[in-house]
Amino acid sequence: GLNNIIQTQKKNKGVLLIGMHFFTLKLGARILGIINPGIGVYRPNNNPLLDWLQTKGRLKSNKMMLDRTDIKGMIKALKNGEIVWYPPNHDYGHKNSVFVPLFAVSNAASTIGTYILTKIAKPAIVPFVARRLPNAIGYELLILPNKQNEIPIETNIDMIKHINKVIEQVILLAPDQYMWLHRRFKTRPPGEPSLY
């Protein structure tokens with residue numbers, strides 16, 4: 001599916017690369033970065049030495065790294081035709097989330113960053129996943145088609161509902177490899193009990 005990115009770049013259009021939190025996430029980002037480097041989005045480590053080591057390693061297959069809170073930097077990169085890896089399945093708490101369905105959970109917190117980036121920069125929206133193959137025979141990187149025209153951007157709720165449907169489709173490609181342990185449903189609407 002690499003052509004799904006190449007065709008978009010030929011139009012000088014940015015690519016919002018939707019990466020979900022699979023156990024193979026770092027491997028997939030590394031493989032794609034070696035083939036076609038882009039901008040990595042990450043949470044800086046609290047330890048400056050570990051952050052430096054982490055960033056140095058990631059820059060071997062990325063053009064640069066942006067703090068996950070640097071929305072302006074991501075918009076600029078997308079408007080300049082770059083590939084920006086972004087995880088829409090992060091839980092950023094009440095302040096930066098809306099509650100929309102994900103699988104059987106009717107009120108899953110989903111970042112509004114996806115909506116902001118899409119509304120302002122108008123990038124292609126390309127999901128991807130690295131999937132471990134059965135019997136330890138290797139891995140495959142799946143780069144899915146651009147979803148931009150399928151996703152409404154009139155309101156953040158409608159847009160993020162559709163993004164969550166894309167997330168569900170990608171998770172179902174390898175549900176046993178999704179990182180369920182990162183507490184995807186920890187932020188609940190006011191008054192609703194914890195699911196953990």
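The values are calculated or read from the model by the stated rules, or taken from the named source; none is laboratory data. Because the structure is predicted, anything quoted here is derived from the model rather than measured. For neighbour counting, all protein chains shown are included, and Cβ atoms are generated from backbone atoms with ideal geometry for every residue, glycine included. The area values use the complete protein model at the heavy-atom level, side chains included, leaving out ligands, DNA and RNA. Shrake-Rupley method; radii C 1.70, N 1.55, O 1.52, S 1.80 Å.
Some observations on this one:
- The range 153-182 residues that are in contact (Cβ under 8 Å) with a residue 40 or more places away in the chain, paired with ones that are open to solvent by 70 Å² or more (accessible area, probe 1.4 Å) (beta carbon under 7 Å, 6 or more apart): Glu168/Phe103; Gln177/Phe23; Gln177/Arg132; Met179/Phe23
- Of the numbered criteria (1) crowded, with 16+ Cβ neighbours inside 10 Å; (2) within 20 Å of Gly1 (Cβ to Cβ), the one Pro145 fails is (1).
- Qualifying residue in the range 40-48 (condition: of a type outside the set (S, T, N, Q) and more than 27 Å from Lys79 (Cβ to Cβ)): yes
Conditions tested, residue by residue: (1) touching a helix residue (DSSP H, G or I) at 6+ places or on another chain (Cβ under 7 Å); (2) outside any helix (DSSP H, G or I); (3) under 22 Å from Val100 (Cα atoms).
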site: Val126; (1), (2), (3): yes, yes, yes
site: Val129; (1), (2), (3): yes, yes, no
site: Pro145; (1), (2), (3): yes, yes, no
site: Ile153; (1), (2), (3): yes, yes, yes
site: Ile157; (1), (2), (3): no, no, yes
site: Asn164; (1), (2), (3): no, no, yes
site: Asp176; (1), (2), (3): no, no, no
site: Thr187; (1), (2), (3): no, yes, yes
site: Ser194; (1), (2), (3): no, yes, yes
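- Scanning the range 35-58 for residues that are crowded, with 17+ Cβ neighbours inside 10 Å and of a type in the set (Val, Ile, Thr) turns up Ile39, Val41.
Residue by residue, here is whether (1) in contact with a His (Cβ under 7 Å, 6 or more places away or on another chain); (2) of a type outside the set (D, E, K, R) holds:
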| position | (1), (2) |
| --- | --- |
| Asn96 | no, yes |
| Pro101 | no, yes |
| Val105 | no, yes |
| Ala109 | no, yes |
| Pro134 | no, yes |
| Glu140 | no, no |
| Ile143 | no, yes |
| Lys147 | no, no |
| Ile151 | yes, yes |
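- When Ser61 is tested against (1) open to solvent by less than 40 Å² (accessible area, probe 1.4 Å); (2) within 16 Å of the chain's Cα centre (by Cα), just one condition goes unmet, and that condition is (2).
- Within the range 76-97, considering residues that are buried (at least 19 other Cβ atoms within 10 Å of the Cβ) and under 19 Å from Ser194 (Cβ atoms), the one farthest from the chain's Cα centre (by Cα): Ser97
- Answer residue from the range 105-135, given it is modelled with pLDDT under 85 and closer than 18 Å to Tyr196 by Cα and is surrounded by the most Cβ atoms within 10 Å (Cβ to Cβ) among those: Ser110
- Residues being closer than 22 Å to Tyr42 by Cβ, open to solvent by 40 Å² or more (accessible area, probe 1.4 Å) and in contact with a Lys or Arg (Cβ under 8 Å, 6 or more places away or on another chain) are entirely absent from the range 159-167.
- Checking each residue in the range 9-34 for being closer than 21 Å to Lys119 by Cα and open to solvent by less than 10 Å² (accessible area, probe 1.4 Å) picks out Gly14, Val15, Leu16, Leu17, Ile18, Gly19, Met20.
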